[in-house]
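First up is the structure itself, then whatever we jot down about it.
The values are calculated or read from the model by the stated rules, or taken from the named source; none is laboratory data. Quantities reported herein were computed from a predicted structural model and do not represent experimental measurements. No Cβ is skipped: glycine too gets one built from the backbone with ideal geometry, and neighbour counts run over all protein chains shown.
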Amino acid sequence: MLFDRKRWLHDPLYAIKVTWVTSIVVATLSVAIYVAARTWPDVWGKFAPGLLDVGIIVGLGYGVYRRSRVCAVLLLGFWLYSKLYQMYYLHTRLGAEAILIGYIFFMGARATFRIHTLGRASDADRYKPPTAAT
């Protein structure tokens, strides 16, 4: 389950994994929209993301994969900036998917800070999955 609340909040490695996988999915969808915008410019031209945006998301997602706190915060900031830019200049509304992805990026940034703290903490603070029912 993607949003197992206990695991999502207490297992930083899981949150980091979900964050970098989400960044790859966002980059893949951005490339698909870019190709569609180049193919049908009269329909998709207004919403065409640049390939620079895709490169930034992939690069920062790789940084999150490597557990970089700076990359996680920059990924969240870039996502927020791009959504505010779209709202202001393209006059689009913020969708539920943008809020969900923003939440995932926030939890990934939180997890990168938490994993550096847990590296110095005792083993009692780490997440232990429940035992399997037999």
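So the values come out like this:
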{"read-out": "Looking only at the range 3-32, and only at residues there that are of a type in the set (D, E, K, R) and part of a helix (DSSP H, G or I), the one that is surrounded by the fewest Cβ atoms within 10 Å (Cβ to Cβ)", "value": "5"}
{"read-out": "Among residues of the range 57-86, those that are part of a helix (DSSP H, G or I), in contact with a helix residue (DSSP H, G or I) (Cβ under 6 Å, 6 or more places away or on another chain) and not aromatic (Phe, Trp, Tyr), counted", "value": "14"}
{"read-out": "Pick from the range 21-61, criterion modelled with pLDDT of 90 or more and of a type outside the set (Val, Ile, Thr), ranking: nearest to residue 75 (Cα to Cα)", "value": "60"}
{"read-out": "Considering residues of the range 84-102 that are at pLDDT 90 or above and surrounded by 14 or more Cβ atoms within 10 Å (Cβ to Cβ) only, the residue farthest from residue 29 (Cα to Cα)", "value": "102"}
{"read-out": "The one condition in (1) in contact (Cβ under 8 Å) with a residue 40 or more places away in the chain; (2) over 24 Å from residue 113 (Cα atoms) that residue 86 fails to fulfil", "value": "(1)"}
